[in-house]
Every structure is written in C-alpha cells, then in structure tokens.
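Undergrad: Dumping the structure here so I can ask a few things about it.
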Amino acid sequence: MSEESSILYVDLYLNSLTDKLGDYSGKIAITGTIRNADIASRIVKNGSELRAETIENILKRADQEKINALSEGKSVVDGIGQYLLTVTGSFEGEKAPFESDKHKLGVSMTMSKNLRESLTAVSVSTRPSSSGITINSVYDSMTGEKNGVITPLSNVVIKGQNIKVVGEGEEIGVFFTKVGGEKKAIKLLTHNNPSQLTILLPDLEDGEYELSITTQYGSGNRILKEARSYTYPILLYVGSTPSGEDDKPEEL
C-alpha cells in the first residue's frame, strides 16, 4: 500500500437526523481525484518498463471492455471487486415492460478480498469538521441524473447539511468552477434551506465542474462571524462525461 493512501481522515458532523445528544456522523475526507493517466504514472513510478501513455491506453481499453461485458449482462470481476447490473423501479405485473421513465439500470459492487484486506490495514483518524457544511448529493431535475451530468438552464437540487446560503459579500453563495476555468456564481436560489437548495443553473459551457458553497449559516440557525466553505469532492459534468470515467456514486 502506498504511503499516500495509508492514512484516512474522517470528518465528524453533528447528526441533524436525531435528537440524541452528542450524536455525530462521519465522512471520509476526500484528498483528490485519480484518473487513468495518474494510475499509469504510478505504475511507471513503481518500476514498469512500459510507457505511461501505453499503460493509460490499456487501462482505457480495459474500462471499455468491462462496460461492454456489463452491458451484455455479464458479471465483471477485477482486483477491486465484482460488478453486477441492477434494475430499480416497481413493475406492475409479471409481464410489465421496462420503461425508461420508471426504471433505471445501475451497477452494484462487492469488494474484493484484496480491497477488504487493504482497508483493514488503513490507519483512520477522526477530527471535528472544520466547516460544519457538507453536500450529500446533487440531483438534475431535467434528466433525473444524480451526482453526474448537470443541465444548463435547468433546476438542480443540492442536499446536504448546513448549506443554507446566508451572509453578504461576493464570497457568499453557490459556485460552479470549471476545471481549469473560471468560477461562476449562481444568482437564483428557488429554495434556500439548511438541508436542501434548489438552484437554477446558468448557461454553462461543456466541461467538468466543481461545486462549492460558502455561507455564514451555522447549525441551530446561528449566523457565524466568518464564512465557511465546502467543495463537493464529486466532479459534475456539462455535456458528456469523459470516456471510461462515468463512475459517479449515488450519494456521499
């Protein structure tokens, strides 16, 4: 196991779903995003004689072949786990057809033995959340997509904790920052609640985006003296997701 992944930090948030005193929930502190190009570089660094570009190409081809196999109804097993297609939604009657507006295909994953053993060897340290803010999911009302593609000029629902936008100043608000590009503020909030925001996206160009919230709202309807910020660790996309990397979790 690399030193980079040997220590995990768990940020503790006051649990807003219970009245139990001192009840906190934890979230893993995400330290970055790793793509096939980064994995290829790590493999080269650890002694491979293949060029990083060659390894990245193989990884992308492997990703596509796994996608093809899953699309054929096959179970896929690799070093991370076993993947199986799932279907959600209620069917009325034993001959009911699949309807795309009611039913959705997904993938379940069971961890491999190697991954389970690696996680048991990880050192975990807890700490109080520095911001008290967390985003759990981002839902696109136009497509029904969660934590993935977002649609410009449509409503997006953000769920989380202590995310109500309160305060003055240009730094306060909901922002979408294009990776490698500029930061855009959201000017229209239809709903502005501690656990849910409904926003209208501007006309964003295609690309990858980071979602961040900066607010002076604190738990218990307190107004904080200093603003706090939270950046959602899951990248969101306008247009299509990068090939081989459409692996968004349903919720954090």
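Undergrad: Could you list all residues from the stretch 82-98 that are among the small types (Gly, Ala, Ser) and either within 22 Å of residue 146 (Cβ to Cβ) or part of a strand (DSSP E or B) (or both)?
TA: 89, 90
Undergrad: Here's something else I'd like to know. Taking the criterion of being at pLDDT below 95, surrounded by 13 or more Cβ atoms within 10 Å (Cβ to Cβ) and under 21 Å from residue 113 (Cα atoms), would at least one residue in the stretch 83-92 satisfy it?
TA: Scanning the stretch 83-92 turns up no residue that is at pLDDT below 95, surrounded by 13 or more Cβ atoms within 10 Å (Cβ to Cβ) and under 21 Å from residue 113 (Cα atoms).
Undergrad: Please work out if residue 201 is under 27 Å from residue 25 (Cβ atoms), modelled with pLDDT of 90 or more and surrounded by 16 or more Cβ atoms within 10 Å (Cβ to Cβ). Give the derivation first.
TA: On the way: under 27 Å from residue 25 (Cβ atoms): no; modelled with pLDDT of 90 or more: yes; surrounded by 16 or more Cβ atoms within 10 Å (Cβ to Cβ): yes.
Spelling it out, it is not the case that residue 201 is under 27 Å from residue 25 (Cβ atoms), modelled with pLDDT of 90 or more and surrounded by 16 or more Cβ atoms within 10 Å (Cβ to Cβ).
Undergrad: Could you grab the pairs with beta carbons closer than 9 Å, sequence gap of 6+ or different chains, first residue in the stretch 190-206 and under 15 Å from residue 166 (Cβ atoms), second one aromatic (Phe, Trp, Tyr) and surrounded by 14 or more Cβ atoms within 10 Å (Cβ to Cβ)?
TA: 194/217
Undergrad: Going through the stretch 166-186 one residue at a time, which ones are closer than 18 Å to residue 139 by Cα and part of a loop (DSSP other than H, G, I, E, B)?
TA: Matches in the stretch 166-186: 186 only.
Undergrad: Looking at 87, 76, which is the one that is farther than 22 Å from residue 129 by Cβ, aliphatic (A, V, I, L, M) and under 22 Å from the mean Cα position of the chain (by Cα)?
TA: Among 87, 76, only 87 is farther than 22 Å from residue 129 by Cβ, aliphatic (A, V, I, L, M) and under 22 Å from the mean Cα position of the chain (by Cα).
Residue-by-condition table, conditions (1) assigned to a loop (DSSP other than H, G, I, E, B); (2) at pLDDT 90 or above; (3) closer than 29 Å to residue 162 by Cα; (4) not aromatic (Phe, Trp, Tyr):
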position: 4; (1), (2), (3), (4): no, no, no, yes
position: 11; (1), (2), (3), (4): no, no, yes, yes
position: 18; (1), (2), (3), (4): yes, no, yes, yes
position: 22; (1), (2), (3), (4): yes, no, yes, yes
position: 26; (1), (2), (3), (4): no, no, yes, yes
position: 31; (1), (2), (3), (4): yes, no, yes, yes
position: 34; (1), (2), (3), (4): yes, no, yes, yes
position: 38; (1), (2), (3), (4): no, yes, no, yes
position: 42; (1), (2), (3), (4): no, yes, no, yes
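Undergrad: Mind checking whether some residue in the stretch 68-81 is loosely packed, with under 11 Cβ neighbours inside 10 Å and assigned to a strand (DSSP E or B)?
TA: no
Undergrad: Against the condition under 22 Å from the mean Cα position of the chain (by Cα) and under 26 Å from residue 234 (Cα atoms), how does residue 61 come out, does it pass?
TA: When the stated conditions are applied, residue 61 does not pass them.
Undergrad: If a residue counts only when it is in contact (Cβ under 8 Å) with a residue 60 or more places away in the chain and loosely packed, with under 14 Cβ neighbours inside 10 Å, which strands (runs of 3 or more DSSP E) contained entirely in the stretch 99-155 have at least 2 such residues?
TA: 123-128
Undergrad: Cβ contacts < 9 Å: first residue more than 18 Å from residue 127 (Cβ to Cβ) and surrounded by fewer than 14 Cβ atoms within 10 Å (Cβ to Cβ), restricted to the stretch 19-47; second residue of a type in the set (Lys, Arg) and at pLDDT 95 or above, any location; separation 6+ or different chain. Result?
TA: From residues that are more than 18 Å from residue 127 (Cβ to Cβ) and surrounded by fewer than 14 Cβ atoms within 10 Å (Cβ to Cβ), the pairs are 34/42.
The values are calculated or read from the model by the stated rules, or taken from the named source; none is laboratory data. No experiment lies behind these values; they were computed from the predicted model shown. A quick note on method: Cβ atoms are made from the backbone with ideal geometry, for glycine too, and the neighbour counts reach across all protein chains shown.
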